[in-house]
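Structure record follows, encoded as structure tokens.
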């Protein structure tokens with residue numbers, strides 16, 4: 001970290017005119033992105049390419065977690081809701097607010113630079129909230145998406161803008177809320193607008209120049225493979241949704257990206273889009289160099305309930321039924337947690353986690369849901385999970401030590417109504433709506449799932465108003481840390497689910513936590529409301545011995 | 001009301017010595033020009049109607065750009081065009097950029113719409129940029145060495161500020177003063193500090209963040225160093241940034257050229273951003 005940097009560079013000493021041209025060292029190297037050991041640095045949205053949000057830091061343990069203390073609070077200058085996971089590299093934190101980006105001193109929360117860009121006027125639906133989930137870094141360059149779907153490249157050392165690429169056209173309902181993913185010299189982005197009649201895609205841009213390398217349309221052009229799952233002689237495919245609003249994960253050994261897609265559009269009206277509606281609500285295995293599709297798996301064919309499949313596809317190497325396999329695990333918005341073989345896309349297992357679920361009788365041996373006869377109707381149909389999903393984009397975490405998969409879930413139902421409408425730019429395209437009945441007793445849960453047995457080891461029911469959208473992170477000491485449903489940051493023992501510590505942030509979290517270390521001190525960070533909070537053990541507890549080990 | 005004094009105004013202003021005299025003469029000249037314009041030919045009300053009917057569809061009713069056409073209200077490169085140049089664009093269109101010819105408006109109609117555009121631009125004077133912006137660009141990225149520290153439209157260094165929109169909304173004389181230097185104070189976040197740690201390590205860098213306890217400095221290679229102030233042997237604020245004084249380095253012509261480049265190619269500043277930058281929004 002900082003100290004190491006110092007030894008290798010000449011921050012130091014004499015600086016004179018000729019040094020002005022000095023080329024700085026890379027902040028994030030491709031090698032760092034390939035590492036699955038996360039200690040001081042958290043160099044990408046999910047920490048590493050696997051998406052498991054697992055830190056190898058061991059300073060904070062079940063024995064001392066009760067002594068955690070809040071360290072500093074950062075208040076974003078534009079009072080939007082923070083949904084970003086910050087990145088930390090060499091003691092500097094990189095965070096997005098609403099279209100703007102910050103570099104902070106990760107030890108104090110003080111601003112080092114602030115890239116300001118006004119929010120875009122005239123956007124609709126999700127994009128009009130101007131939320132953003134964070135940045136990607138490669139070399140000395142930082143990448144972020146804007147509310148109106150531009151990819152910005154900033155100099156990570158100053159926050160100055162190098163280039164700005166608008167990557168959508170022909171439909172102003174596009175927006176973007178995600179964090180980019182950097183793979184093999186390319187920056188990958190997606191869009192929001194899947195409830196507003198846009199056509200989804202994943203696009204890759206050269207990290208140096210911003211030149212588009214490839215674009216994979218998640219709703220195929222008529223005549224292309226998959227187009228047979230849409231009505232023939234209809235232009236609904238141009239408004240078919242399948243947006244790509246969360247960063248994917250990546251397996252370097254397979255050289256395959258796993259990118260997930262959202263609901264078909266219009267959300268609740270299936271009559272104008274008969275068929276399975278590929279590749280909506282799917283995970284796509286893509287070649288990062290060409291954008292070619294290797295395989296796909298669709299979780300919810302012909303979705304009628306806004307069950308985006310954009311939850312993180314976590315990459316795990318584990319025994320499955322006695323054989324070591326490369327797995328992909330996802331807790332899906334439709335109420336089931338899935339295990340796939342990520343080499344082939346073969347469906348292996350689905351387990352229902354939603355306590356109340358009535359849209360499917362189950363998942364068949366091929367991985368296709370067996371639907372009940374419930375569907376949105378003119379007068380309204382109560383269906384579960386709710387439109388907010390059995391879970392959602394907030395991060396799950398896989399713990400290498402406990403070998404359990406942890407994720408937050410929401411038990412709730414909605415009344416879904418349908419009415420056929422025409423697509424119109426400047427208007428959402430739900431084709432009516434979903435309502436929450438006051439008689440529902442919604443609850444959030446933190447779940448510990450054992451993929452080897454297909455069983456839940458424990459479930460921790462949360463108290464609160466079910467408005468939280470906070471994810472989880474876990475540690476090599478077996479801790480699981482998450483934002484609970486009562487505006488708190490909470491730590492539990494991952495083995496037992498026993499709560500160890502909590503802190504009231506006073507604002508509802510809509511973000512996923514992460515961990516980093518500076519000078520031998522381990523931190524956790526999570527955004528809540530318009531602020532970012534950090535936590536660590538007091539210096540008196542951080543033993544000098546542990547300090548030495550950390551570096 | 002819009003006021004368009006001729007170039008002679010700016011020359012007169014530039015020639016005036018001393019701040020009081022300068023602002024006084026500016027005031028008098030503007031007042032004269034204003035009185036003159038009251039009797040001028042251009043009709044901004046008619047121009048406004050013409051603008052709404054012919055221009056607003058693409059450039060937006062406030063002229064700040066839309067889906068199909070750029071910002072012509074606050075973009076410095078448009079603001080700095082003369083009335084004659086603007087009229088020519090309107091009369092002839094812009095080939096290849098989708099801007100059609102509006103010659104059918106006639107000379108009178110074009111004069112009116114230019115007058116109205118000046119209202120949208122909020123201009124009280126025409127900006128007379130005398131330098132050669134192409135030569136200025138060559139200097140910026142070449143012998144003047146500006147780009148080693150400063151960025152302009154995505155090219156250049158990181159240790160000093162991005163100047164892409166610096167030339168928007170700033171008086172030319174302030175740009176000139178900032179370049180010839182020496183600066184009176186280092187802007188926040190750009191001051192050079194010199195440090196000696198307890199271990200005798202000597203460091204020099206730009207002070208990026210500071211409280212009572214911690215200072216973060218950035219070296220010219222981009223790396224950061226966080227320092228506990230209590231544990232320093234020496235913490236010297238130099239009071240200046242890395243910006244050298246160009247008084248004896250650039251000729252008057254070269255200075256004009258660099259200024260022309262900064263102004264002519266400046267990005268427009270969004271008014272909201274300007275407030276944030278000055279801290280007025282806090």
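Miscellaneous remarks
- In whole angstrom, the range A:390-526 maps to an equivalent ellipsoid with semi-axes of 32, 18, 15, each derived as √(5λ) from the alpha carbon gyration tensor and ordered largest first.
- Length added when fully stretched, residue B:138-residue B:214, from 0.36 nm per residue minus Cα-Cα: 23.3 nm
- Our summary gives the range A:161-296 a relative contact order of 23 percent, counting only alpha carbon pairs under 8 angstrom and 6 or more residues apart.
- Note on the protein assembly as shown: helix-only mean residue ellipticity at 222 nm, from DSSP H runs of 4+ residues weighted -39500 (n - 2.57) and normalised by residue number, equals -4500 deg cm²/dmol.
- Prolate/oblate/rounded label for the range A:416-493 (Cα gyration tensor, a/c 1.5): prolate
- Residue by residue along A:151-161, Cβ atoms of other protein chains within 10 Å of the local Cβ number 5 on average.
- For the protein assembly as shown, fraction of C-alpha pairs farther apart than 38 Å, in %: 47
- Residue B:198/residue A:504 FRET efficiency (R0 60 Å; Cβ-Cβ; nearest 0.05): 0.95
- Restricting attention to the protein assembly as shown, close to 95% of DSSP beta bridges with both partner residues there are antiparallel.
- Compared with the direct C-alpha span, the chain from residue A:69 to residue A:30 gains 10.7 nm at full extension, assuming 0.36 nm per residue.
- Ranked by how many other beta carbons lie within 10 Å on average, peptides A:236-243, A:448-455, A:304-311 from highest: A:304-311, A:236-243, A:448-455
- By the beta-carbon count within 10 Å of each Cβ, the least crowded to most crowded order of A:195, A:235, A:289, fewest first, is A:235, A:289, A:195.
- Whether the range A:328-436 is rounded, prolate or oblate, judged on the alpha carbon gyration tensor where a/c under 1.5 counts as rounded: prolate
- Centre separation in Å (Cα based) which lies between the range A:290-309 and the range A:198-257: 11
- Fewest-first sequence of A:192, A:35 by Cβ atoms within 10 Å of each Cβ: A:35, A:192
- Here the contact order of the range B:105-245, divided by its residue count and restricted to Cα pairs under 8 Å and six or more residues apart, works out to 17 percent.
- At R0 = 25 Å, FRET efficiency that the Cβ-Cβ distance of residue B:61 and residue B:176 yields, to 0.05: 0.10
- For the segment B:146-153, counting C-beta atoms of other chains within 10 Å of every residue's C-beta and taking the mean gives 3.
- Relative contact order, whole percent, for chain A stands at 14, derived from Cα pairs under 8 Å and 6 or more residues apart.
- Protection proxy ranking for B:212-221, B:186-195, A:155-164, using the average of other Cβ atoms within 10 Å per residue and placing the highest first: A:155-164, B:212-221, B:186-195.
- Residue order, fewest to most surrounding Cβ atoms within 10 angstrom, among A:55, A:290: A:290, A:55
- Shape category assigned to the range B:65-192 from the gyration tensor of Cα positions, a/c cut at 1.5: prolate
- Residue A:221-residue A:456 pseudo-label distance in nm [points 7 Å out on the Cα-to-Cβ vector]: 4.6
- Peptide A:102-115 has a mean shielding of 4, counted as Cβ atoms of other protein chains within 10 Å of each residue's Cβ.
A short reminder: the numbers here are calculations on the coordinates, not readings from a lab. Everything numeric in this text was worked out from a predicted model, so none of it was measured. Here Cβ is always computed from backbone atoms with ideal geometry, including for glycine, and neighbour counts include all displayed protein chains.
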